[in-house]
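Structure first, then comments.
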Amino acid sequence: MSNKEIKNLEEIFNQRIARDEKIEPKDWMPEKYRKTHIRQISQHAHSEIVGMLPEGNWITRAPSLRRKVALLAKVQDEGGHGLYLYSAAETLGISREEMYEQLHTGKAKYSSIFNYPAVTWADMGAIGWLVDGAAIINQVALTTTSFGPYARAMVRICKEESFHQRQGFEILLSLCKGSEEQKAMAQDSLNRWWWPSLMMFGPKDEESPNTEQSMKWKLKRKSNDELRQQFVNQTVPQAKILGISIPDPDLKWNEEKQSYDFGKIDWDEFWQVVKGHGPCNKERMTARVGAWNQGTWVRDAAVAYAEKQANKNLNKAV
Amino acid sequence: MRDNLIKYILGIADNSLILGQRLGELCGHGPNLETDIALTNISLDLLGQTRNYYQYIARLSGNNKTEDDIAFMRSEREYINVLLVEQPNDHFGYVIARQFYYDVFHYLLMQNLQNSSDETLAAIAKKGIKEVSYHLRFSSDWIKRLGDGTKESHQKIQEAIDDRWVYTNELFMKTEADELLINEGVGVNVLDFKEAYYQKVSQVLEEATLTVPDEKYYQKGGKEGIHSEHMGYILAELQYMQKSYPNLKW
Ligand SMILES: [Fe+2]
Ligand SMILES: [Fe+2]
């Protein structure tokens, strides 16, 4: 294809997106669009499955049968999200094995929030409320993104995430209505998860590359800082209902802006965790790589068995 | 009568609880996502059944007892699950062997329990049998995949099948509560399907190109509350919150 022809195709492609048409896997797309989507969707998928670990850590210790079942189902949902997202990425011509390889070698990232430890039962509440809550804000915008399979996966996932968020809030509400000890457990959890949750929206706008291109492709509809502000505005009143306080002395309502002002995020901590030096980066990778390596013989067996069965059927047919 | 009924139900329900707990340990660590999700499903089914049984026991017990009192507040000797279900996950072959040995039994038990004269138990069994038939299909399929897969998988599943075999016979040991409730038409006589059990197990193992173990020495104790050394650790996790913070609502 000549440069001119490619330019033409790109022109048509951009117009389609501008008209809100969905791009499907078989459609022509610029190489950069494909690569960017593979990167973003696979990182999103990795976040779902690494995100199973901190909560998975509490399944055997959940305080009641009802909570145990709900937590198991929640963590299982996250696995399901990983599955849809890997499938969406696969439509762009990358295999699941390649994506895992990128995760396991550290080439692909996942959401840094999961590098923080879940150390008390209250963390199951805070993760649902804040982490799933922040994820929803990021993801609702993506339900109308330009790439069809990603947009459709997001619609489905967002429904479940809002259920998770309510469930998390409800865990904390029970604690806040409970004993002093329980309330303290909830407060301690909010203290630990608040700032990392704000960091989930990524670096501040001045330091966030690619934004313009992503806006054009509808991979991003609002800037990091806008989304972060939306999260703060939405979450502060919920903390009031719970009766626990946000660990930020600078947090206050700004009448003029009709929104909350909040304190400075510790960006050194943010970059430390992104670069692989958070409290649990090593543990998370060890768990993922370990599960994958220990599962090799199982996956090999499934493939070998399927081949034998296919041969048997073939012989029967002959 | 009431105490015996409670004991009889515990004898079924504790198996579901402990096996559900063991499978819960695996969530997020499966050999691939699909299998991870499927094992979690089984765990969810078993814990759902557990809740139905324990809620029934709580009603029978009165005194404002709850399902959680029964699940979390007993001493080790008061749990009467069989030794099979408390065996560790070790490797995936062990997970599947344990599941398979239990599923064959569980399926036959539910099939019979549907005819119990106790309406609540019959209803739980009717609902449960759909779930358990899925579990049995899942574990039998994996027995075949691993048995007739690679040399390594064959060796690993055979090892697990051999090691867990010794826990199968306990499934068929009748307790005092069993005897009494069989007479009432409430309980199931497990001996009625012992032969069918070993037939089904052998048939799947043979289809999987595996050797049916011929070990004649079996282990027992769980039904009397005398457990393996693993049990204390299972309960340490299971009861952690309830024992650390007694009498609270979560
Ligand atoms: Fe998710
Ligand atoms: Fe979620």
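The values are calculated or read from the model by the stated rules, or taken from the named source; none is laboratory data. Treat the numbers as computed from the prediction; the structure is a model and nothing was measured. Cβ sites come from the backbone with ideal geometry, for glycine too, and all protein chains shown count toward neighbours.
Structure above, values below:
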{"quantity": "Among the residues listed as A:SER223, A:SER162, A:SER179, the single one being surrounded by fewer than 20 Cβ atoms within 10 Å (Cβ to Cβ), under 26 Å from A:ARG67 (Cα atoms) and away from chain B (no Cβ under 14 Å)", "calculated": "A:SER162"}
{"quantity": "Verdict on A:GLU98 being closer than 30 Å to A:ALA122 by Cβ and outside any loop (DSSP other than H, G, I, E, B)", "calculated": "no"}
{"quantity": "Every pair of residues 6+ apart whose Cβ atoms lie under 9 Å, when the first sits in the range A:120-136 and is free of Cβ contacts under 8 Å to residues at least 40 places away in the same chain while the second is hydroxyl-bearing (Ser, Thr, Tyr)", "calculated": "A:ASP132/A:SER162; A:ILE136/A:SER162"}
{"quantity": "Residue ID - farthest from ligand 2 (Cβ to nearest atom), chosen from residues in the range A:15-68 that are of a type in the set (Ser, Thr, Tyr) and away from chain B (no Cβ under 14 Å)", "calculated": "A:TYR33"}
{"quantity": "Considering residues of the range A:263-318 that are within 14 Å of chain B (Cβ to nearest Cβ) and outside any helix (DSSP H, G or I) only, the residue farthest from B:SER153 (Cα to Cα)", "calculated": "A:CYS280"}
{"quantity": "From the options B:LEU180, B:LEU210, B:LEU248, residue that is surrounded by 15 or more Cβ atoms within 10 Å (Cβ to Cβ) and in a helix (DSSP H, G or I)", "calculated": "B:LEU180"}
{"quantity": "Condition check for A:THR235: surrounded by 14 or more Cβ atoms within 10 Å (Cβ to Cβ) and modelled with pLDDT under 95", "calculated": "no"}
{"quantity": "Single condition A:LYS107 does not satisfy, out of (1) under 16 Å from A:LEU53 (Cβ atoms); (2) in a loop (DSSP other than H, G, I, E, B); (3) away from ligand 1 (no atom under 16 Å from the Cβ)", "calculated": "(1)"}
{"quantity": "Cross-chain or 6+ apart pairs with Cβ under 6 Å, the range A:72-93 first and within 19 Å of A:PRO30 (Cβ to Cβ), then outside any helix (DSSP H, G or I) and away from ligand 2 (no atom under 13 Å from the Cβ)", "calculated": "A:THR91/A:PRO25"}
{"quantity": "Residue within the range B:152-169 that is surrounded by fewer than 17 Cβ atoms within 10 Å (Cβ to Cβ) and closer than 20 Å to A:ALA306 by Cα present", "calculated": "yes"}
{"quantity": "Subset of the range A:70-107 (residues that are within 16 Å of ligand 2 (Cβ to nearest atom) and either more than 13 Å from chain B (Cβ to nearest Cβ) or hydrophobic (A, V, I, L, M, F, W, C) (or both))", "calculated": "A:ALA70, A:LEU71, A:LEU72, A:ALA73, A:VAL75, A:LEU83, A:LEU85"}
{"quantity": "From B:LEU136, B:LEU121, B:LEU113, residue being out of contact with any Gly (no Cβ under 7 Å at 6 or more places or on another chain), in contact (Cβ under 8 Å) with a residue 40 or more places away in the chain and closer than 16 Å to B:TYR197 by Cα", "calculated": "B:LEU113"}
{"quantity": "Qualifying residue in the range A:172-192 (condition: within 16 Å of ligand 2 (Cβ to nearest atom) and modelled with pLDDT of 95 or more)", "calculated": "yes"}
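Matching residues to (1) within 14 Å of chain A (Cβ to nearest Cβ); (2) more than 21 Å from the chain's Cα centre (by Cα); (3) buried (at least 18 other Cβ atoms within 10 Å of the Cβ):
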position	(1), (2), (3)
B:TYR198	no, no, no
B:GLN219	no, no, no
B:HIS227	no, no, yes
B:GLU237	yes, no, no
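To keep it simple, each residue is scored yes or no on (1) closer than 21 Å to A:ASN293 by Cβ; (2) hydrophobic (A, V, I, L, M, F, W, C); (3) assigned to a loop (DSSP other than H, G, I, E, B); (4) more than 9 Å from every other protein chain (Cβ to nearest Cβ).
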site: B:ILE6; (1), (2), (3), (4): no, yes, no, yes
site: B:GLU34; (1), (2), (3), (4): yes, no, no, no
site: B:ILE37; (1), (2), (3), (4): yes, yes, no, no
site: B:GLY48; (1), (2), (3), (4): no, no, no, no
